[in-house]
Amino acid sequence: MKKMGVTAFVLLGGLILNMPAFASGQETFDNVCVACHGEDGKGAEGMEGVPDFTNAPAVWSKSDAELAQSVINGIEKPGAEVTMPPRAGDDELSDADINAAVAYMRKTFGS
């Protein structure tokens, strides 16, 4: 008997996520984002200016599409010691990777 795979799509904050891509959201976070944002989402030690995602109502009040655009374009805040370069400094990150990471972060750290 041949098994057939099923791909599910989820509409989340105006973004359509392919469920297998959603599974890679944690992988993207662990491989790219964790260096600055820390495993627990509170910001890596010594990274002043990186938001604590576990206590960031201003971050989570934004839509997933807005958050993804912030990652795609990068973030530079006046007076911050660190900035986030476009695509978190990884030109290989696809929009799908970024969307999946945002969905993972909202599910894990958001309110």
Conditions (1) modelled with pLDDT under 95; (2) in contact with a Gly (Cβ under 7 Å, 6 or more places away or on another chain); (3) of a type in the set (S, T, N, Q): number failed by SER63:
(1)
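Please verify whether the stretch 64-75 includes one or more residues that are at negative phi, touching a Cys at 6+ places or on another chain (Cβ under 7 Å) and part of a helix (DSSP H, G or I).
Step one: list which residues in the stretch 64-75 are at negative phi, which gives 64-73, 75.
Retained after the next criterion (residues that are touching a Cys at 6+ places or on another chain (Cβ under 7 Å)): none.
No, there is no match, as no residue in the stretch 64-75 is at negative phi, touching a Cys at 6+ places or on another chain (Cβ under 7 Å) and part of a helix (DSSP H, G or I).
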Residue by residue through the stretch 65-97, note down the ones that are more than 14 Å from PHE29 (Cβ to Cβ) and open to solvent by less than 50 Å² (accessible area, probe 1.4 Å).
ALA65, SER70, ILE72, GLY74, ALA80, VAL82, SER94
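The values are calculated or read from the model by the stated rules, or taken from the named source; none is laboratory data. None of the values given here were measured: they were computed from a predicted structure. Ideal geometry is used to build each Cβ from the backbone, glycine not excepted, and the neighbour counts take in all protein chains shown. All accessible areas refer to the heavy atoms of the entire protein, side chains included, with ligands and DNA or RNA removed. Shrake-Rupley method; radii C 1.70, N 1.55, O 1.52, S 1.80 Å.
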